[in-house]
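One structure is given here, and the rest of the page talks about it.
The values are calculated or read from the model by the stated rules, or taken from the named source; none is laboratory data. Computed from a predicted structure; not experimentally measured. All Cβ positions, even for glycine, are placed from backbone atoms using ideal geometry, and neighbour counts span all protein chains on display. Quick note on the areas: whole protein, heavy atoms, side chains included, nothing else; ligands and nucleic acids left out. Shrake-Rupley method; radii C 1.70, N 1.55, O 1.52, S 1.80 Å.
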Amino acid sequence: MSDNCAASSLAQIDLDALRSNLNFVKSQVGDRPILAVVKANAYGHGAVQVARCLAQGPVRISFFGVAFLEEAIALRDGGVTTPVLLLTGASREQIPEIIQYRLTPVVYNMAFLAALSQAAVRRRQRVNIHLKVDTGMGRLGIAPSDALSFMEKTVGLKGICVEGILTHFAYAGLEDSAYTSGQLVLFQSVVDHLYKKGIHPSYIHIANSAAVVAFQSAYLNLVRPGLMLYGYAPLKGVFSVSLKPVMQVKTRVIALKKVPADTSISYGRTFVTKRESHIATVSIGYADGYPCSLSNRGMMIAKGRLVPVAGRVCMDMTMLDVSEVPSLAVGDWVTVIGAEGDQSVWADRLSEWANTHPYEILCGIGARVQRQYI
Ligand SMILES: *Cc1c(COP(=O)(O)O)cnc(C)c1O
């Protein structure tokens, strides 16, 4: 780690692990096209670097998926030429850029679509779109009962090609299998209606990571994994051996002190030493994505040993009780997410302590944490 003397905290991104996780997706889904979800800076891993790595093959990526236009433009500016799906859709003001950057919006609004068609005709271009149907997420998409008439209007619009139709599961971990299956059945009935009217979009998709892992009949003809590419199965315990966490986060000890019993540590004095203690201050805080909810709950790994967070997590720093690790020195690296010796704290474990899910932990790793690609 000596090559990064200046960094306070580091996120090491293992691109081999990333490729290995994609291979696992491929081994599950066979020849079906894959949309790799790289929204939210590729779940904190660095969208451009992740997309470039995945685009190199050998497993073919048919689309990258992002939430917002800015994310898509960043991929294009970073040299990514693969089709990019705007999962959250887009606004009318963004139409010129959608056309300029050859992006594929998800669509669920006729006024937007009409404006997109006009703009495409004016520029003598065709824009691909994917129509979103809401089968039970309650977030984005047209009602299943409106899908046929919406689609019939859409196929009549010049300059527009309906390349896909999608919906999204409400249970990211498929926790309620009856509800999840109901969504799939409803989606398939919408698609059947379209088929009967002679409308055949190329891509029909619903499968998130959990479905790729455990719900084969939801593969349809495109899958959209996100979390699993980064090494985590959204289903607790299941298959996690096949996936490799991609990101490790390390931070540095910036101060160390020996304090007597009855010394309070950090804001609000929620931690008071019971004995003479060694307290390390490390340079990661909630502004870097180490949640406040880990105050007096989280653990890091120092010299191969688990050490508890002492007191409240601060904005830029966190204190650790390192009384059991006397050899620790200022400047040493401590593992925040990752494995060291026979100890490990991966994002799923951290998220349980923090009462959240690994998605939020990974996306939350802040901009001050320097990314290093290995
Ligand atoms: C984020 C997202 C995904 C990926 O979900 P994972 O659970 O991370 O695999 C798929 N589809 C849509 C529409 C999304 O927004």
- Note on the structure: Being open to solvent by less than 30 Å² (accessible area, probe 1.4 Å) and either more than 19 Å from Asn221 (Cβ to Cβ) or away from the ligand (no atom under 16 Å from the Cβ) (or both) narrows Thr154, Thr167 down to just Thr154
- Task: Kindly indicate whether any position in region 5-23 is open to solvent by 20 Å² or more (accessible area, probe 1.4 Å), out of contact with any Gly (no Cβ under 6 Å at 6 or more places or on another chain) and hydroxyl-bearing (Ser, Thr, Tyr).
- Result: yes
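Results for (1) under 25 Å from Leu220 (Cα atoms); (2) open to solvent by less than 10 Å² (accessible area, probe 1.4 Å); (3) within 13 Å of the ligand (Cβ to nearest atom), shown as yes or no for each residue.
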residue	(1), (2), (3)
Ile34	yes, yes, yes
Ala40	no, no, yes
Gly44	no, yes, yes
Val48	no, no, no
Ala51	yes, yes, no
Ala55	yes, no, no
Arg60	yes, no, no
Ala67	yes, no, yes
Glu71	no, no, yes
- Query: Can you tell me which of Ser181, Ser149, Ser202 is open to solvent by 10 Å² or more (accessible area, probe 1.4 Å), closer than 25 Å to Ser62 by Cβ and free of Cβ contacts under 8 Å to residues at least 40 places away in the same chain?
  - Reply: Ser202
- Query: From the set of residues in region 339-359 that are crowded, with 18+ Cβ neighbours inside 10 Å and of a type in the set (D, E, K, R), which is farthest from Leu229 (Cα to Cα)?
  - Reply: Glu340
- Can you find a residue in region 232-245 that is open to solvent by 30 Å² or more (accessible area, probe 1.4 Å), under 20 Å from Gln372 (Cα atoms) and touching a strand residue (DSSP E or B) at 6+ places or on another chain (Cβ under 8 Å)? yes
- Of the residues in region 210-230, those that are more than 12 Å from the ligand (Cβ to nearest atom) and in contact with a strand residue (DSSP E or B) (Cβ under 6 Å, 6 or more places away or on another chain) come to Tyr219, Leu220, Asn221
- Query: So which strands (runs of 3 or more DSSP E) stay within region 271-372 end to end and still have 2 or more residues that are of a type in the set (Gly, Ala, Ser)?
  - Reply: 277-282, 333-340
